[in-house]
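Trainee: This is the structure I have questions about; it appears just below.
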Amino acid sequence: MSDLETFREETRSWLEANCPAEMREPVRDEEDIYWGGRRATFKSDAQKAWFEACVAKGYTVPAWPKEYGGAGLSPAEAKVLRQEMTRIKARIPLSSFGIWMLGPALLHFGTEEQKKHFLSQIARGEIRWCQGYSEPGSGSDLVSLQTFGEDKGDHWVVNGQKVWTSYADQADWIFCLVRTDKENKYKGITFMLFDTASEGCSTKPIKLISGSSPFCETFMEDVKVPKSYGEGIPAYVGEINRGWDVAKYLLGHEREMISGADGGNTGTVGSAMSRHASKAGDELDPVLRAELAMFDVDALAYGAMGEKFLDEIKVGKAHPAQPNMMKYAGTELNKRRHELMMTAGGSRSLEWDSEETSGGKPSRGWLRTKANSIEGGTSEVMLNVISKRILDLPGS
Amino acid sequence: MSDLETFREETRSWLEANCPAEMREPVRDEEDIYWGGRRATFKSDAQKAWFEACVAKGYTVPAWPKEYGGAGLSPAEAKVLRQEMTRIKARIPLSSFGIWMLGPALLHFGTEEQKKHFLSQIARGEIRWCQGYSEPGSGSDLVSLQTFGEDKGDHWVVNGQKVWTSYADQADWIFCLVRTDKENKYKGITFMLFDTASEGCSTKPIKLISGSSPFCETFMEDVKVPKSYGEGIPAYVGEINRGWDVAKYLLGHEREMISGADGGNTGTVGSAMSRHASKAGDELDPVLRAELAMFDVDALAYGAMGEKFLDEIKVGKAHPAQPNMMKYAGTELNKRRHELMMTAGGSRSLEWDSEETSGGKPSRGWLRTKANSIEGGTSEVMLNVISKRILDLPGS
Amino acid sequence: MPLYHDEDQAMLADTATSFMADQGNIKDQLRHWRDRDCPDGFGHGLWKQMAEMGFTGMLVGEDDGGLGMGHVEAGIVLEEIGRNLTPSPFLTSSVLAATALKHGSNDLKGRYLPGLIEGDSVFAVAIDETPKHRPSRITTKAEKSGNGFKLSGSKSFVIQGASADMLVVAARTSGSDEDEDGITLFAVPKDAANMSHDSVRLVDSSVATHTKFDGVELDGDAVIGEVDGGREVLNAMLTAGRIGAAAEGVGVASGAMDITVDYLKQRKQFGKLIGEFQALQHRASHLYSEVEIARAAVIKAQQLLDGGSEKAELMSSVAKAKVAKTAGLAVKEGVQMHGGVGMTDEYDIGLYMKRDRALQEFLGDAYFHANRVAEMSGY
Amino acid sequence: MPLYHDEDQAMLADTATSFMADQGNIKDQLRHWRDRDCPDGFGHGLWKQMAEMGFTGMLVGEDDGGLGMGHVEAGIVLEEIGRNLTPSPFLTSSVLAATALKHGSNDLKGRYLPGLIEGDSVFAVAIDETPKHRPSRITTKAEKSGNGFKLSGSKSFVIQGASADMLVVAARTSGSDEDEDGITLFAVPKDAANMSHDSVRLVDSSVATHTKFDGVELDGDAVIGEVDGGREVLNAMLTAGRIGAAAEGVGVASGAMDITVDYLKQRKQFGKLIGEFQALQHRASHLYSEVEIARAAVIKAQQLLDGGSEKAELMSSVAKAKVAKTAGLAVKEGVQMHGGVGMTDEYDIGLYMKRDRALQEFLGDAYFHANRVAEMSGY
């Protein structure tokens, strides 16, 4: 038996012993997801047990080195673990922007002490992080951000406002882009880390057209951010004034995640909607049926594209800007999908909070998709990038 | 009886007496159209008789003043004449860019002597004109034209090349935009008139993707153009170096003509294509049928728009830039119409020169429509104009 | 008749524009009632004001105390309702139910029209039985019972059903589900026994009902038009309602476009107003073109209907389909061009998207009507 | 299997790319034969060269003297054919007819395959009977006659029918017009008596025939596969052909896109390269995205077919439909972005538009295949 097969067997038994049955049920609502942090509570004993078993094993961040709270798994081992968890439908033990966003940035740019300090906290779910990138005035034009940190020697005094800070109202710390040099657009931003409980820092949830949301506005009024949290633990990632490099690195990371996720998003709609109509004692209108058929062609073709993209990514064959294309096409397709589902669902799908629609799932879901082509880079920005980096069209 | 009713009765009798039965048949090919000019021949005695009767009556240009060869009809009378000619399906006695393009320019900008001289020639079909606007390097950017007329005191020496000079190979004279001041982009162009038989002037037909075409390239190599053709008859319209004003005036005129024509272009396709399929022993594919239905909705809606636009134009209610919208929407719709007709016609409509397709009418017609959104201002230019003049969006 | 408003109509348009902007605007009506979770989904005060303006009874004949105006005029009010997203019973009461009541007995007219004209009554229409509009199939049954009828079945997507003083209900009195004949329209009063409403709030904050008729006893004089001959009345009502919904949709499309174009002139990105970006300019100009065409289709349909032309039905479907596609484009482009803030409840563009969605669905969507255009064109 | 070319396939792609660019380019093939009004519509010399490259028999099994390659490989050649608009019998002979002959007797194989492999023979397929592709309905009749059959009826859109040494003809041997069963495929030799061709030049300068069978006598051994069981062979041939046509279509789309993007980098208007205009940039980028997706659909369909998956048929329709829409977009955008010169015969973009049109139609257009996707998905 190969090492990997041994590992698979061990993993299976470990999961069998440590993943409670309740943690193999599909996630039903927000409470079923454990985000950690200072204010976190467990929904159930099972959730707690599963989380703690994973922390002990390093399985909240299996591919991170052991010294930072991970399990130090090789890529091949990590894949086996993912496969085995998927097989038994195990829930993710800890959801966290620390794991998805800050972690990769620290692993790439952080100092040794910084990694030990912050990554371990993240792995153990002690600190819940949120992201402070966008501002009301910036948007697609992220680098135009205005939040300013005035240099006061051993600390900055930060003033400004961030938007789209997901779960900021429940987070403990924020990783935040702050302008520290007004003269230098790209080389005047610092990627800071600070406690959202700091004096002068406040948050306000954003209500979306689809209803309540995890998004917040975060306000900083004379927030004092020390430059260091101890020996070898700077309060920023990378260098001062070079935070844009970190941000760009993370944006690429994020776009790939989004497009990769959409790669799996191949759902056709015609056949489900036809059954849906039958159930309601009706049948598909012929012109609507045609529209669904044309959509399904596009969805199935995009499904093949997702597969091809992931295959090519693995071996480095994909154009480096290809994630932009995937993000553009995938999100536009998903918006069309929900438009058609709303149409095929008829008046029932218009209901906003009825029991029959589980509280307006179709309509709220439909509205939510409209953000797909805005967040993580608008469709317009994606098209700009394709023009420039793939088609090599002249800049205007 | 009102004067107008009297006029209608007179017109009816006159048409009855003067318009031969043959001239009430639909136009079948190019030869059925009489363009006049030095090299013109009549296809039949009927064509000749009808043309000569109209010239005598001033009905080749009914709304022009009598002293320029017209009939001096009022707008109301001209409308009655049009109605009565349409009623008996009378052919147009004389087709001419002189009537449609140069005439309006001369009427607006010409000197008295110039009008008498050139307009009468046009009205009598003696001179066939062609238009020299576009150049290979210019296109949408007409004002960048390079054809240059060097001032030699009493004449210019013109060098350059024009494209899209319709029927230039059959025309006698050309009205031509020539740069006469290289320093001044807009105020450095002269609207010249000269004989295409002049030494150094030659033409070459352009073969289009749809087959042979009326379009030509026209080359000017040291063509000598005198500044005057006699007392009070300058060889240019308007002022020297102010030809751009004349061109703009005519472009507006042309765009209105094109959009107005498209206003009548409301043809739906579904029902004809369904009959077409039945005849071939087939029926419409359901998805194609749906596509035709969606098109027909757009076509019928555009038909209403055409009607509304013409009604509003008449009373000055239409936005002055509205012809651009009509041109954009009408030409794009017409391209879609022909795409669908090709699709619905199937392999038969692919035939390029078969008898059954009257020499490839469907496919050649389809290809020809692709120029609709290019000639007379591209769709892109139309959209630019709407942005600027109607939506008042900031210039980039 | 030229395809633009005559002088009287232009004056009415001015009046309606300022009235709706002042009284029916988003802040004071839609957001106001929505944020209070109003069970009617609209304000009775505004309805009363609309009566004072003469709007509520504009389609009612002069003999019956109304203004005897036409669908061009009703459309003028509806376009402003659309532009301001004004929640109101105008479309269902003053257009659909009023059209049905034209075919009613004098007794019925006398019972219901004064309340409408005064803005004291609200009417609803109960047509749909499946989530998709399919009026060719009516299965709700009205069986003879004594001097009257007994109504059984259920209807859905009854806008303002629970707030209505009277519901126009299409029921089958003979024949089978898909039969053209055998339909009868009834005016069912609010307090009819054995009628129950299940109210649901819709995405656009309007309130509709699933309404059950569990042996509702109706007098013979509740019949609108002829027994078994209701298809004609139903069709007349639907054609008027679709043209009305299309007019409202043009208002929604225009309103969404206008605030979006305004936003393009204010928002800066990459050191430029985003309205300077040619890609957005072209999309906005295309949208403008579509909105103009949709508006033309609507006024054409209105004039044909007012002129009693048999082409009105075809054009009603053209207008409804064209407007649905156009308003759909307007709100999608609107949210996208607003970017992140377009997703927030704070900005109005999302409200346009929600209203458009409900309006698209009401009385048949673009696909339904495109199919009807094909059928009426013989293919 | 990963959805990209393996090493051997990548090598083949390099070979095919340079061979077609050198030998099959527009100037030397399409324009050359077109301007000479060539009655075949393609060059036999190139066909012979393609044989020398091993292309003509690539799908023929090794036992039968071919290379025993798959549809991914055939698609590689076809994409280059598409990119260069190369007129050639490859799709009909080496893909469609070769697939049919896989089901033929050894005798048939022996008679026809060597000529194909050597590039000496050309085959055509005769399927369509109406101007639209409708293979579910076959009315051309083959009646038993002695040891063989007598063929009566007519076919159209037979590409290179008059140039072909053999025609694969789908005919009805039993049942009625729409029956699934009762179809038989025949290999009809060039010189069969009572077969007549009416050749027509098509928009893309290819030549097709309306072919009449006026009691064509065929031996029993002209049958490909089983008598009355030809539907399966026909379907196999159609699936292979559609995937092949889709691969060629991706080449057409890519070729049109590439020359258009190049033009955007050269042409100046208003003092700028037109490729600097954001509206054109976004349209070009959208087109790029569609072409990439179409190519993915095609390679997926090829791999499924080569792997013997039952999903290949669904994916063949997805690929054909997606490519038709995409290539259609590519040529339309191509001509428009070229502006006036795009309308002239001097530039190549119009030739792409013409080829795309014929290819879209061949073996079913986007609507036909979208409908099939719906049917196969059970709605």
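The values are calculated or read from the model by the stated rules, or taken from the named source; none is laboratory data. The model shown is predicted, which means the values in this text are computed figures rather than measured ones. Positions of Cβ are backbone-derived with ideal geometry, glycine not excepted, and every protein chain shown enters the neighbour counts. Areas reflect the complete protein model, heavy atoms only, side chains present, ligands, DNA and RNA absent. Shrake-Rupley method; radii C 1.70, N 1.55, O 1.52, S 1.80 Å.
Trainee: Just to verify a result, which residue in segment D:135-166, among those that are more than 17 Å from D:P87 (Cα to Cα) and touching a His at 6+ places or on another chain (Cβ under 7 Å), is surrounded by the most Cβ atoms within 10 Å (Cβ to Cβ)?
Mentor: Ranking the qualifying residues of segment D:135-166, first place goes to D:S156.
Trainee: Another question, if that's okay. Scan C:G275, C:G328 and give me the residue that is touching a Pro at 6+ places or on another chain (Cβ under 6 Å), open to solvent by less than 10 Å² (accessible area, probe 1.4 Å) and not hydroxyl-bearing (S, T, Y).
Mentor: Working: C:G328 fails: touching a Pro at 6+ places or on another chain (Cβ under 6 Å).
Residue meeting the stated conditions: C:G275.
Trainee: Those residues that are open to solvent by less than 60 Å² (accessible area, probe 1.4 Å) and out of contact with any Asp or Glu (no Cβ under 9 Å at 6 or more places or on another chain), I need them from segment B:3-13; list them, please.
Mentor: Listed by number, the list holds a single entry, B:T6.
Trainee: Suppose we filter segment A:73-91 for residues that are closer than 9 Å to A:L15 by Cβ and outside any helix (DSSP H, G or I); how many remain?
Mentor: So the answer is 2.
Trainee: Those residues that are within 14 Å of chain B (Cβ to nearest Cβ) and free of Cβ contacts under 8 Å to residues at least 40 places away in the same chain, I need them from segment A:271-306; list them, please. Quick ask: steps written out before the conclusion?
Mentor: From segment A:271-306, those within 14 Å of chain B (Cβ to nearest Cβ) are A:274, A:283-298; that's our starting set.
Answer for segment A:271-306, where residues must be within 14 Å of chain B (Cβ to nearest Cβ) and free of Cβ contacts under 8 Å to residues at least 40 places away in the same chain: A:S274, A:E283, A:D285, A:P286, A:V287, A:R289, A:A290, A:A293, A:M294, A:D296, A:V297, A:D298.
Trainee: Okay, next question. Go through D:R295, D:R355 for me and flag whichever is of a type outside the set (A, V, I, L, M, F, W, C), surrounded by 24 or more Cβ atoms within 10 Å (Cβ to Cβ) and more than 14 Å from chain B (Cβ to nearest Cβ).
Mentor: D:R295
Trainee: Additional query: Output the number of residues of segment C:190-204 satisfying the condition of being open to solvent by 20 Å² or more (accessible area, probe 1.4 Å) and touching a helix residue (DSSP H, G or I) at 6+ places or on another chain (Cβ under 8 Å).
Mentor: Narrowing segment C:190-204 to residues open to solvent by 20 Å² or more (accessible area, probe 1.4 Å): C:190-191, C:193-199, C:201.
Still in the running and touching a helix residue (DSSP H, G or I) at 6+ places or on another chain (Cβ under 8 Å): C:197, C:199.
The number of residues fulfilling the criteria is 2.
Trainee: Quick check, is D:V200 modelled with pLDDT of 95 or more and over 30 Å from D:A301 (Cα atoms)? Let's see the steps before the verdict.
Mentor: Details: modelled with pLDDT of 95 or more: yes; over 30 Å from D:A301 (Cα atoms): yes.
The answer is yes for D:V200.
Trainee: Let me confirm something: among D:G307, D:G271, which residue is within 28 Å of the chain's Cα centre (by Cα), more than 10 Å from chain A (Cβ to nearest Cβ) and more than 17 Å from A:N384 (Cα to Cα)?
Mentor: Only one candidate passes the filter, namely D:G307.
Trainee: To continue, here is another question. May I ask you to say which residue of B:V178, B:V163, B:V237 is within 14 Å of chain D (Cβ to nearest Cβ) and either closer than 14 Å to B:Q131 by Cα or open to solvent by 60 Å² or more (accessible area, probe 1.4 Å) (or both)?
Mentor: Going through B:V178, B:V163, B:V237 in turn, just one is within 14 Å of chain D (Cβ to nearest Cβ) and either closer than 14 Å to B:Q131 by Cα or open to solvent by 60 Å² or more (accessible area, probe 1.4 Å) (or both): B:V163.
Trainee: Tally the residues that are within 27 Å of D:V291 (Cβ to Cβ), acidic (D, E) and more than 8 Å from chain C (Cβ to nearest Cβ), restricting the search to segment A:339-395.
Mentor: Of the residues in segment A:339-395, 1 are within 27 Å of D:V291 (Cβ to Cβ), acidic (D, E) and more than 8 Å from chain C (Cβ to nearest Cβ).
Trainee: For segment C:167-189, how many residues meet the condition of being at negative phi and either in contact with a strand residue (DSSP E or B) (Cβ under 6 Å, 6 or more places away or on another chain) or surrounded by 21 or more Cβ atoms within 10 Å (Cβ to Cβ) (or both)?
Mentor: Number of matching residues: 14.
Trainee: Does D:P39 qualify as being within 29 Å of B:G346 (Cβ to Cβ), outside any helix (DSSP H, G or I), in contact (Cβ under 8 Å) with a residue 40 or more places away in the chain and within 14 Å of chain B (Cβ to nearest Cβ)?
Mentor: yes
Trainee: Turning to a different aspect of this structure: So, of the residues in segment C:155-172 that are touching an Asp or Glu at 6+ places or on another chain (Cβ under 7 Å) and more than 11 Å from chain A (Cβ to nearest Cβ), which turns out to be farthest from C:D219 (Cα to Cα)?
Mentor: Of everything passing the filter in segment C:155-172, C:Q160 is farthest from C:D219 (Cα to Cα).
Trainee: Could you list, in sequence order, the residues of segment D:299-356 that are among the hydroxyl-bearing types (S, T, Y) and under 24 Å from D:G70 (Cα atoms)? First the steps, then the outcome.
Mentor: First pass over segment D:299-356, keeping only residues among the hydroxyl-bearing types (S, T, Y): D:309, D:316-317, D:326, D:344, D:347, D:352.
Matches in segment D:299-356: D:S309, D:S316, D:S317.
Trainee: Collect the residues in segment D:365-379 that are within 9 Å of another protein chain (Cβ to nearest Cβ) and not acidic (D, E), keeping them in residue-number order.
Mentor: Answer for segment D:365-379, where residues must be within 9 Å of another protein chain (Cβ to nearest Cβ) and not acidic (D, E): D:A366, D:Y367, D:F368, D:H369, D:A370, D:N371, D:R372, D:V373, D:A374, D:S377, D:G378, D:Y379.
Trainee: Could you tell me how many of the residues in segment B:18-43 are in contact (Cβ under 8 Å) with a residue 12 or more places away in the chain, assigned to a loop (DSSP other than H, G, I, E, B) and open to solvent by 80 Å² or more (accessible area, probe 1.4 Å)?
Mentor: First, the residues of segment B:18-43 that are in contact (Cβ under 8 Å) with a residue 12 or more places away in the chain: B:18-27, B:31-40, B:43.
From what is left, the residues that are assigned to a loop (DSSP other than H, G, I, E, B) are B:19-20, B:25-27, B:33-40, B:43.
With the extra rule that they be open to solvent by 80 Å² or more (accessible area, probe 1.4 Å), the set shrinks to B:25-26, B:38-39, B:43.
Looking only at that region, the number is 5.
Trainee: Please verify whether segment A:163-180 includes one or more residues that are of a type in the set (D, E, K, R) and under 22 Å from the mean Cα position of the chain (by Cα).
Mentor: Restricting attention to segment A:163-180, the residues satisfying the condition of being of a type in the set (D, E, K, R) are A:169, A:172, A:179.
Checking the rest, the ones that are also under 22 Å from the mean Cα position of the chain (by Cα) come to A:169, A:172.
Yes, segment A:163-180 contains at least one residue that is of a type in the set (D, E, K, R) and under 22 Å from the mean Cα position of the chain (by Cα).
Trainee: Sticking with this structure for a sec: With the condition kept exactly as written, say whether any residue in segment C:278-294 is in a helix (DSSP H, G or I) and within 17 Å of the chain's Cα centre (by Cα).
Mentor: Here is the first cut: in segment C:278-294, the ones in a helix (DSSP H, G or I) are C:278-294.
Still in the running and within 17 Å of the chain's Cα centre (by Cα): C:294.
The answer is yes; a qualifying residue exists.
Trainee: Being open to solvent by less than 60 Å² (accessible area, probe 1.4 Å) and in contact with a helix residue (DSSP H, G or I) (Cβ under 6 Å, 6 or more places away or on another chain) is the filter here; which residues of segment A:104-113 pass it?
Mentor: Selection gives A:P104, A:A105, A:L106.
Trainee: Let me ask another. Counting residues that are under 17 Å from the mean Cα position of the chain (by Cα) and in contact (Cβ under 8 Å) with a residue 40 or more places away in the chain, which strands (runs of 3 or more DSSP E) fully inside segment C:114-170 reach at least 2? Don't jump to the end; show me each part of the working.
Mentor: On the way: elements: C:123-126, C:141-145, C:148-159.
Where strands (runs of 3 or more DSSP E) fall fully within segment C:114-170 and carry at least 2 residues being under 17 Å from the mean Cα position of the chain (by Cα) and in contact (Cβ under 8 Å) with a residue 40 or more places away in the chain, they are C:123-126, C:148-159.
Trainee: Among (1) of a type outside the set (S, T, N, Q); (2) open to solvent by less than 10 Å² (accessible area, probe 1.4 Å); (3) out of contact with any Ser or Thr (no Cβ under 7 Å at 6 or more places or on another chain); (4) not in a loop (DSSP other than H, G, I, E, B), which single condition is B:V61 missing?
Mentor: (4)
Trainee: Given the conditions (1) more than 10 Å from chain B (Cβ to nearest Cβ); (2) farther than 30 Å from C:N235 by Cα; (3) open to solvent by 50 Å² or more (accessible area, probe 1.4 Å), and given that C:R283 satisfies all but one, which numbered condition is not satisfied?
Mentor: Against the list (1) more than 10 Å from chain B (Cβ to nearest Cβ); (2) farther than 30 Å from C:N235 by Cα; (3) open to solvent by 50 Å² or more (accessible area, probe 1.4 Å), C:R283 comes up short only on (1).
Trainee: Which of the numbered conditions does D:G334 fail, given that it passes all the others? Conditions: (1) within 20 Å of the chain's Cα centre (by Cα); (2) more than 7 Å from every other protein chain (Cβ to nearest Cβ); (3) open to solvent by less than 10 Å² (accessible area, probe 1.4 Å).
Mentor: For D:G334, the failing item is (1).
Trainee: Is it true that some residue in segment D:209-219 is within 14 Å of chain B (Cβ to nearest Cβ) and not polar (S, T, N, Q)?
Mentor: Yes, there is a match, as at least one residue in segment D:209-219 is within 14 Å of chain B (Cβ to nearest Cβ) and not polar (S, T, N, Q).
Trainee: Could you tell me whether A:L310 is assigned to a helix (DSSP H, G or I) and facing another protein chain (nearest Cβ under 9 Å)? Spell out how you get there, then give the answer.
Mentor: Numbers: assigned to a helix (DSSP H, G or I): yes; facing another protein chain (nearest Cβ under 9 Å): yes.
So A:L310 passes the test.
Trainee: Here's something else I'd like to know. Quick one: which residue in C:A245, C:A236, C:A253 is buried (at least 21 other Cβ atoms within 10 Å of the Cβ), farther than 30 Å from B:V385 by Cβ, modelled with pLDDT of 95 or more and outside the structural domain of C:K190 (by TED's automatic domain parsing)?
Mentor: When all the criteria are applied, what remains is C:A245.
Trainee: Looking only at residues in segment C:1-32 that are within 14 Å of another protein chain (Cβ to nearest Cβ), part of a helix (DSSP H, G or I) and over 19 Å from the mean Cα position of the chain (by Cα), which one is nearest to C:V200 (Cα to Cα)?
Mentor: My answer is C:R31.
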